[in-house]
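Enquirer: Can you read through this structure? Questions will come right after.
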Amino acid sequence: MLSRLVRLPSFWVAAVILLLVLLLGVFGDVLAPSNPLKGSSEVLAAPSLAHPLGTDYLGRDVLSRILAGSPVSVLGAIEVAGIALVVGSIPGLLSVYLGRAFEWLTLRIIDTLIALPFLVFAVAMTALLGNGINQAMLSVGILLAPVFYRVARAAALQVSSSPYVEAATLSGASASWVLRRHILPKVLAPLGISAAGAAGTGLVIVASLTFLGIGVQPPAPTWGGILASDLGYLDYQPYAPVFPIVLIVLTVLALNLLADVLRDASGQSGRVMLKKRALRRAAKKRRRSSAPIPQRAGELT
Amino acid sequence: MTDIAPLLSVEGVDVHYGRGARRKQAIHAADFAIAPGEVVGLIGETGSGKSTLARAIIGLVRPEAGRIAFHEEDLTALTPAKWRAFRRTGVIQYVFQDPLRSLDPDMTLHDSVAEPLLIRGGLTRAQITEKVRRQFGKVLLDETLLSRLPGQVSGGQRQRAAIARALLTEPRLLILDEPVSALDSANRVQILELLHALAGPDVALLFISHDLGSVAGITDRVIVLYRGRIVEVDRTDSIINRPAHPYTKLLVGSAPTLTAGGSDRQWRDRLRAELGAA
Amino acid sequence: MSDTVLAVDDLTVHNHLDDTPAVSGVSFELSAGEVLGIVGESGSGKTITCRALLGVLPDLFEVTGGAIRLLGRDVTSLTEREWTQLRGSRISAVFQDPASYLNPSIPVGKQLEEVLRVKNRLRRKDARAKAMELLAAVHIRDPEYVYQQFPHELSGGMLQRVLITTAIAPEPAILIADEATTALDVTVQAEIIDLLADLAERLGLALIVVSHDLAVVAQLCQQIIVLRGGLVVEQGATDQVLFSPRHEYTRLLLEEHHRFGLERFLTSTEPRP
């Protein structure tokens, strides 16, 4: 699968962007040229050598704030995807095996989660658990869990009704054997795809929550929070929101791209697609090199 | 054949499927026995219940009534845990129609074939590999294929690997669900030859097929299933030359043969009318 | 030779995908009411041959040699437009898995009616009457009932009958049945074979029956072509192919039946050694 991945150009685009974002996430604090929390008298300054992206309404260096806000934003997105993965996929897998009562119960809970509007739920959770970044991540993670539940369940259902699982059962395999040997390897690929997608969604949601002031308290910088404060001063700095937005959009784009690439490289259809592409390229090359043969339009593609 | 204690006996078995209002009876009072080493064909059309009956024998479906006994052991009385233990002995094995789907696409042929022994436990990896190797030889598969994935070998080789897996536990009864219908002619002949050579006093074969013509040559006896009922059980040559039930007559008359020609169309039409009226 | 409806001369189809010949040197002549059998395995080129005859070769496949004369007209150089006119009305086909050729959300009768309205240019009312007549002609006992059924409500054999009806509705001269009975039960397969034989006799339809099973073809055909790897390994009258095969592969196909089929019991009733 890895060898197929590296042949797709979009994989490299996604990988490079994500690597940069990850570096920001890990070293953002260290990279910040000045203290992101320290204000100055230069309020709402235009970009200059001292402040490459200008300053905000309290005179804080915007570049430093964006860099310093990266860990919370990036790690938050990863945390969200991780929570959703655990909360969603484990009951999803078990729903196929633990009998009808468990299946019914989890399905109804997941339906309920899908029906809940996420902002309301997040606000309610913070009201219940206190306003902190981890509480916010937890609530967002739970809200994204249905995706993983469905993906894991669908993959497990498909595999568990296949003859090779039946063959294992007929050799006396226990449910855990079937789960370990046959189902888990098949479920990992679709779960990875969903995780990449969920990290992108998580990033947007975390940004929206911090934009609304949920999760992170004001002086601490986050991408969403920076965007929120920038919007208040559009009259003075109409270009300011562009910086955090570009970062958010690029990251989400790369994550979605990664999800796409993973899907193309892992599934049967992706395999066929890549093979076809290679064959067609080879056929075209051959035809160009040999004498031109009049091509007839085939109807079937 | 009645003087030998049967290997498998199926007595008055009823099987239902579906729930509530859509509940239907798939098998009505099925009664038959298989002697040790016998080769039996279970023939019926789509929806006749032949697969359901086979699944009942291996415990994938629970019969509502009747008794299925293997070597005098009542299988219908087994609890799920006892079923698992019984299956680990590997005395009944099952070969599916489509080897592409009955072998895990992400597991090498070696791992797939070795799976029953791995599940049973008690042997070292090296011992298992040795057994798999020997089994590969018996089904005429090259050892170099051991590390291949099912998608990387031909259909005939896949089905041979599936048969090797079934034989690894030295079963007394091998149930084959349309084992050759997904293969092309050359492979069909080879697999049938292999199975023919395999049949002996140690292992009985139960062939499930919709087409009498494809397996008649290697069966001793044939059970004909029609709409969930066993309508005829007899020696293969009697079934073919002197079929008693109208459905069996039609089945024999419909099997494509090299010699029949199109002349008995009217005869088939009459049989269809007779069967439709019944 | 005025009643020759299809003449194929040294047909060669090239596969540009692998740069290999898909079919080479297929030649035959077919008259009205005559039945030709093509036997071969998957990958033998039998389906590619049929597709070439129908002008629906897959992408990157191309007729590179030989001639196909359909009702006296060379069709290898036809445009897409001309093919659309010809296909369905002069030469038609049925395939394996009939359900995938019907729209699952429209009753089968309506779909048959649509063909009659487009190809036969009948008005709605006439089309319905004609549809009933045709359904009865393929021995469907209750045409009114079948007409209103959706594809999923009918059995595979019944669907294949409906498709055959659709295929013969525009009164083509040639019908190709490509593995049309393969997925069906043996008894249903016999019904479809009987129906095809009946149509060839009654309507003077020229039939090309394609199958992997030599016996299926033997039931119906006057001449047989055995294909393997895109090459014709055996060709001749049915009796000649069945009783004095020249190629080893044909003998293998025959042997399968003699050893494992009913033939074994029909010729001798001795018990198994």
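Enquirer: Evaluate the following for A:SER3: is it in a helix (DSSP H, G or I), open to solvent by 40 Å² or more (accessible area, probe 1.4 Å) and over 20 Å from A:ILE248 (Cβ atoms)?
Expert: When the stated conditions are applied, A:SER3 passes them.
Enquirer: Out of (1) under 17 Å from the mean Cα position of the chain (by Cα); (2) closer than 27 Å to B:PRO36 by Cα, the odd one out for B:ARG101 is which?
Expert: Among (1) under 17 Å from the mean Cα position of the chain (by Cα); (2) closer than 27 Å to B:PRO36 by Cα, the lone unmet condition for B:ARG101 is (2).
Enquirer: Also: Looking at (1) touching a residue at least 24 places away in the same chain (Cβ under 8 Å); (2) over 29 Å from A:ALA259 (Cα atoms); (3) open to solvent by 20 Å² or more (accessible area, probe 1.4 Å), which one does A:GLY213 not meet, given that it meets all the others?
Expert: (1)
Enquirer: In addition: Out of everything in the range C:154-200 that is in a loop (DSSP other than H, G, I, E, B) and within 12 Å of chain B (Cβ to nearest Cβ), what residue ends up being modelled with the lowest pLDDT?
Expert: C:ALA183
Enquirer: Any idea which of (1) assigned to a loop (DSSP other than H, G, I, E, B); (2) in contact (Cβ under 8 Å) with a residue 12 or more places away in the chain; (3) among the polar types (S, T, N, Q); (4) farther than 19 Å from C:ALA173 by Cα is the one C:THR76 doesn't satisfy?
Expert: Checking C:THR76 against (1) assigned to a loop (DSSP other than H, G, I, E, B); (2) in contact (Cβ under 8 Å) with a residue 12 or more places away in the chain; (3) among the polar types (S, T, N, Q); (4) farther than 19 Å from C:ALA173 by Cα, the one that fails is (4).
Enquirer: Going through the range C:13-39 one residue at a time, which ones are among the β-branched types (Val, Ile, Thr), within 12 Å of another protein chain (Cβ to nearest Cβ) and touching a helix residue (DSSP H, G or I) at 6+ places or on another chain (Cβ under 6 Å)?
Expert: C:VAL13, C:VAL35, C:VAL39
Enquirer: Quick one: which of C:ARG264, C:ARG259 is within 7 Å of chain B (Cβ to nearest Cβ), assigned to a helix (DSSP H, G or I), surrounded by fewer than 19 Cβ atoms within 10 Å (Cβ to Cβ) and more than 15 Å from the chain's Cα centre (by Cα)?
Expert: C:ARG259
Enquirer: With respect to B:LEU8, is the statement that it is buried (at least 18 other Cβ atoms within 10 Å of the Cβ) and of a type outside the set (Asp, Glu) true?
Expert: In short, yes.
Enquirer: Moving on. Name the residue, out of C:VAL241, C:VAL232, that is more than 9 Å from chain B (Cβ to nearest Cβ) and not in a helix (DSSP H, G or I).
Expert: Exactly one of C:VAL241, C:VAL232 is more than 9 Å from chain B (Cβ to nearest Cβ) and not in a helix (DSSP H, G or I), namely C:VAL232.
Enquirer: Among the residues of the range A:171-200, how many are buried (at least 23 other Cβ atoms within 10 Å of the Cβ) and either facing chain B (nearest Cβ under 8 Å) or without any contact (Cβ under 8 Å) to a residue 60 or more places away in the chain (or both)?
Expert: Residues flagged as buried (at least 23 other Cβ atoms within 10 Å of the Cβ) and either facing chain B (nearest Cβ under 8 Å) or without any contact (Cβ under 8 Å) to a residue 60 or more places away in the chain (or both) within the range A:171-200 amount to 3.
Enquirer: Yes or no: the range B:74-94 includes at least one residue that is within 9 Å of chain A (Cβ to nearest Cβ), of a type in the set (Gly, Ala, Ser) and more than 18 Å from B:SER51 (Cα to Cα).
Expert: yes
Enquirer: If you check C:HIS212 against the conditions, is it in contact with a Leu (Cβ under 7 Å, 6 or more places away or on another chain) and open to solvent by 20 Å² or more (accessible area, probe 1.4 Å)?
Expert: In short, no.
Enquirer: Just to be sure I understand, how many residues within the range C:82-133 are under 20 Å from C:PRO58 (Cβ atoms) and exposed (fewer than 13 other Cβ atoms within 10 Å of the Cβ)?
Expert: Of the residues in that region, 1 qualify.
Enquirer: Here's something else I'd like to know. Do you know which residues across the range A:261-301 are open to solvent by less than 70 Å² (accessible area, probe 1.4 Å), at pLDDT 65 or above and more than 9 Å from every other protein chain (Cβ to nearest Cβ)?
Expert: Once the filter is applied, which keeps residues that are open to solvent by less than 70 Å² (accessible area, probe 1.4 Å), at pLDDT 65 or above and more than 9 Å from every other protein chain (Cβ to nearest Cβ), the range A:261-301 yields A:VAL261, A:LEU262, A:ASP264, A:ALA265, A:SER266, A:MET273, A:LEU274, A:ALA278.
Enquirer: Which residues, taken from the range B:172-194, are open to solvent by less than 10 Å² (accessible area, probe 1.4 Å) and either touching a Gly at 6+ places or on another chain (Cβ under 6 Å) or in contact (Cβ under 8 Å) with a residue 40 or more places away in the chain (or both)?
Expert: B:LEU173, B:LEU174, B:ILE175, B:LEU176, B:PRO179
Enquirer: Considering only the range C:40-81, how many residues are open to solvent by less than 40 Å² (accessible area, probe 1.4 Å), out of contact with any strand residue (DSSP E or B) (no Cβ under 7 Å at 6 or more places or on another chain) and more than 12 Å from every other protein chain (Cβ to nearest Cβ)?
Expert: Adding up the residues that qualify gives 0.
Enquirer: In the range C:79-109, how many are touching a residue at least 60 places away in the same chain (Cβ under 8 Å) and in a strand (DSSP E or B)?
Expert: So the answer is 5.
Enquirer: Please pick out the residue among C:GLU153, C:GLU144, C:GLU171 that is open to solvent by 50 Å² or more (accessible area, probe 1.4 Å) and in contact with a Leu (Cβ under 8 Å, 6 or more places away or on another chain).
Expert: Only one candidate qualifies: C:GLU171.
Enquirer: Quick check: is even one residue across the range B:255-263 open to solvent by less than 10 Å² (accessible area, probe 1.4 Å) and of a type in the set (A, V, I, L, M)?
Expert: yes
Enquirer: Another question about this same structure. Can you pull out every residue in the range B:258-267 that is facing chain C (nearest Cβ under 9 Å) and in a helix (DSSP H, G or I)?
Expert: Result: B:ARG265, single match.
Enquirer: Please work out if B:ILE223 is over 16 Å from C:THR187 (Cα atoms) and open to solvent by less than 20 Å² (accessible area, probe 1.4 Å).
Expert: yes
Enquirer: Return yes when B:ARG160 is crowded, with 18+ Cβ neighbours inside 10 Å and touching a Ser or Thr at 6+ places or on another chain (Cβ under 9 Å) and no when it is not.
Expert: no
Enquirer: Here is a follow-up. Determine whether the range A:57-69 contains at least one residue that is touching a Gly at 6+ places or on another chain (Cβ under 9 Å), assigned to a helix (DSSP H, G or I) and farther than 17 Å from A:TRP223 by Cβ.
Expert: Within the range A:57-69, none of the residues are touching a Gly at 6+ places or on another chain (Cβ under 9 Å), assigned to a helix (DSSP H, G or I) and farther than 17 Å from A:TRP223 by Cβ.
Enquirer: Select from the range B:118-145 the residues that are within 11 Å of chain A (Cβ to nearest Cβ) and outside any loop (DSSP other than H, G, I, E, B) and write down the one among them that is surrounded by the most Cβ atoms within 10 Å (Cβ to Cβ).
Expert: The extreme case among them is B:ILE119.
Enquirer: Which condition from (1) among the aliphatic types (A, V, I, L, M); (2) at pLDDT 80 or above; (3) open to solvent by less than 50 Å² (accessible area, probe 1.4 Å) is the one that A:LEU20 breaks?
Expert: Of (1) among the aliphatic types (A, V, I, L, M); (2) at pLDDT 80 or above; (3) open to solvent by less than 50 Å² (accessible area, probe 1.4 Å), only one is false for A:LEU20: (3).
The values are calculated or read from the model by the stated rules, or taken from the named source; none is laboratory data. Model, not experiment: these values are computed from the prediction. Because the Cβ atoms are built from the backbone with ideal geometry, glycine has one as well, and the counts that use them run over all protein chains shown. Note: accessible area is taken over every heavy atom of the protein model, side chains too, but ligands, DNA and RNA are not part of it. Shrake-Rupley method; radii C 1.70, N 1.55, O 1.52, S 1.80 Å.
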